[in-house]
Structure formats: structure tokens, C-alpha cells
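Here is the structure we will look at.
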Amino acid sequence: MLRLAVRLFALAALLVAPAVFAQTYPVKPIRLIVPFGAGGSTDILARTLGQRLGDALGQNVLVENRPGANTIIAYEATLNAPADGYTLLMEGFNGLVLNPNLYAKLPYDAENDFIAVGLVATSGFLVVVPTELPVRTLADFVAYARANPAKVTLASAGIGNSTHVAAEMFLSAVKLKLAHVPYKGSSAALPDLVNGRVQVMFDTPITSMPFVKSGKLRALAVSGAKRLAAMPDVPTIAELGYPGFNAGTYFSVAARKGTPPAIIERLSQEIRRISAGADLAATFAPQGIDMSPGSAEELAAMLKADRARFAKVIKDAGIAIEP
């Protein structure tokens, strides 16, 4: 009887400990790891979210930029930290959707090493061409590319980048093949696009909108599910005869698998509340970012569905990255 009582007491302690831990959480600063350098959309969004999350939780949220290796460095850093809710990751699409389909081997398991915390925002890409190219609509571009395949090349921010995959998804939908010219980021590609050395690019709104507004590039369409609030006259690809087309990206928060459920739920609730704020929507709409708060369960379902959806796009396009 004494042994049984000891075992029952130990079991009860194990069950109570996570709940008590969650009630006192957080008792120290939280790290929010960003897989990209300072100044980009993900970094700016992470710093805004981090400040407000810190205010809500009563602890500082420190943004840590860990760029490199197509987001893999940041995922490894998160995986190497304890599963205690004090290390979070701001990303999602590249590392948890695309990378598992691009690399034969990864130092992490996208499905089993991480747990979804919450969706923060979404963004479509702008389909942009030089203003000197003799096209004014997406249909014009497709017709021109079919008639002049040797004159049209696709630029991207890098092999396997989300903009590259989105472009290949569209090319598959219109049954068009274009030579691909990868660059080391959008900032490297845009000057060549403006000068007509390459003819089309799917790009993040924050980097290409200034060129569109100055008349150096023409925006033909938006690749996401919705028009951009900052460019309401630019239609979506879905509106232009390709129903259901959606190849944007999203910003989300994840944690290591094993983080106490009560902590995940608290973080998820706070992140949803912050992301739903009208002031944040107004702040990020001009950057082409649509605040789209979602629960941990909704994000998990989205990640699973998109891993399968983009697996076919990547396989059909023959995109692969050597480790």
C-alpha cells in the first residue's frame, strides 16, 4: 500500500507540474527567432508582435535574427533549445512547408519536431514585369511568352525560394516553360528586371511595390487568395481565369514539440488577440501583408495541407536543393 501511495503521489505531481508551470509562465525573457536578416517583412512583423506579446505577458520578448541556409539555421537553433516556451520561431512557410519537399535530408523533422502556435499574417506575391515589355495584362504576358519563349526568362530570389515555387505553380497552371534565373534575393534581381535583362518575377510586395509605383515595373497580378489593400486595382491570378489559385506565403509562430499545451494555448490566445488589432492591419497593409490571426489548430491544418499541395508543384517542376 505504501508503494502504491508513493507511485500515485508521483503521478499526481507529474500531472500537476505542467499546469503550475503554465500558471507562472513566463518568469524570464522569451526568445523569438527569425530566420531572416533585420529589416525584412518577417523581422519587422516579429519585432512588432514581440513588443506587444511582451507587454501582455509581462516579460521581454527578444527578437534574434538567425538567417542562412534557407531558414535551416533558425530551425536548428529552435530545436536545440529546451521545449519550455522560452524559445519561439517566427516563420512557417519556408521551413515547415517548402524545405521538407526541397531537401532529401534535413536536420529537423517538420511534422514531428515542431508544434504550431498560431498564424499571424499572410501575403501574396506580385507578378511584375518591366514596363518596356509589350504586355499590360497577365493574359498578354502568357500569350507573349508562348510566342517568344527564347525572349522570356523567369527571375527569382533563389532556387526553392517561396517566390520561385509560386512562379512554377503558375507556369504549370498555364502549361508554360520558362528559363529560370535565380538570384541571391529580390534586391539583386530587381535591377535586372527593371532593365529588361529578365522579363518576369513573382516578388514580395514590400520590395517590388516601390518600383511599380515609380513606373519602373508593371504589376500584372497578385498570387495570393486576396487582392492587396495597398494595390487594390491589381487582380488576383484566381480572378483572371484560374479559380482557386493561391500561392502566397504566411507568417506564423511555432515552438518545439513537447512545449506544455497550457503554454501553447496561452501564447496562441495572445498572438491571435494581438494579430486581430485594427492598428496592426493598418500598419502592415501598405507593405502587402494581411493580418490573418489563426489558432494553433488552424495553423497546424494549414501546414499539413500545404506540405502536400506544394510537394506536387516542387516535384513536377523538378526543383531540388543539394544539402
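The values are calculated or read from the model by the stated rules, or taken from the named source; none is laboratory data. What you see is a predicted model, and the numbers here were worked out from it, not measured in a lab. Don't worry about glycine lacking a Cβ; one is built from the backbone with ideal geometry, like all the others, and counts go over all protein chains shown.
The table below lists the values:
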| item | result |
| --- | --- |
| Selected residue [among the acidic types (Asp, Glu) and buried (at least 21 other Cβ atoms within 10 Å of the Cβ)] from GLU132, GLU91, GLU111 | GLU91 |
| Single unsatisfied condition, VAL63 versus (1) in a helix (DSSP H, G or I); (2) within 24 Å of the chain's Cα centre (by Cα); (3) at pLDDT 90 or above; (4) not basic (Lys, Arg) | (1) |
| Answer from PRO191, PRO235 - the residue that is within 22 Å of the chain's Cα centre (by Cα), surrounded by fewer than 20 Cβ atoms within 10 Å (Cβ to Cβ), at pLDDT 95 or above and not assigned by TED's automatic domain parsing to the domain that holds ARG309 | PRO235 |
| Region 247-286, residues that are crowded, with 16+ Cβ neighbours inside 10 Å and either among the basic types (Lys, Arg) or free of Cβ contacts under 8 Å to residues at least 60 places away in the same chain (or both) | ARG256, ARG266, ARG272, ALA281 |
| Count - residues of region 274-295 that are in contact with a Lys or Arg (Cβ under 9 Å, 6 or more places away or on another chain) and assigned to a helix (DSSP H, G or I) | 2 |
| Count of region 290-323 residues which are farther than 20 Å from HIS164 by Cβ and either over 17 Å from the mean Cα position of the chain (by Cα) or of a type outside the set (Gly, Ala, Ser) (or both) | 8 |
| Meets criteria (modelled with pLDDT under 95, more than 27 Å from ALA229 (Cβ to Cβ), polar (S, T, N, Q) and assigned to a helix (DSSP H, G or I)) for ASN94 | no |
| From the options GLU270, GLU297, GLU322, GLU265, residue that is more than 18 Å from ALA247 (Cα to Cα), touching a strand residue (DSSP E or B) at 6+ places or on another chain (Cβ under 8 Å) and among the acidic types (Asp, Glu) | GLU297 |
| Residue in region 273-282 that is of a type in the set (Lys, Arg) and either closer than 26 Å to GLN59 by Cα or outside the structural domain of ASN161 (by TED's automatic domain parsing) (or both) present | yes |
| Which listed residue, of LYS226, LYS184, is out of contact with any strand residue (DSSP E or B) (no Cβ under 9 Å at 6 or more places or on another chain), at pLDDT below 95 and within 22 Å of SER41 (Cα to Cα) | LYS184 |
| Residue in region 286-298 that is modelled with pLDDT of 95 or more and more than 20 Å from ARG52 (Cα to Cα) present | yes |
| Residue that is surrounded by the fewest Cβ atoms within 10 Å (Cβ to Cβ) [pool: residues in region 136-153 that are among the hydrophobic types (A, V, I, L, M, F, W, C) and in a helix (DSSP H, G or I)] | ALA150 |
| ALA221 vs. criteria aliphatic (A, V, I, L, M), under 21 Å from ASN101 (Cα atoms), surrounded by 20 or more Cβ atoms within 10 Å (Cβ to Cβ) and touching a strand residue (DSSP E or B) at 6+ places or on another chain (Cβ under 9 Å) | no |
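Here's the yes/no breakdown for (1) assigned to a helix (DSSP H, G or I); (2) of a type in the set (Lys, Arg); (3) without any contact (Cβ under 8 Å) to a residue 24 or more places away in the chain; (4) not assigned by TED's automatic domain parsing to the domain that holds GLN287:
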| position | (1), (2), (3), (4) |
| --- | --- |
| LEU119 | no, no, no, no |
| PRO134 | no, no, yes, yes |
| ALA155 | no, no, no, yes |
| GLU168 | yes, no, no, yes |
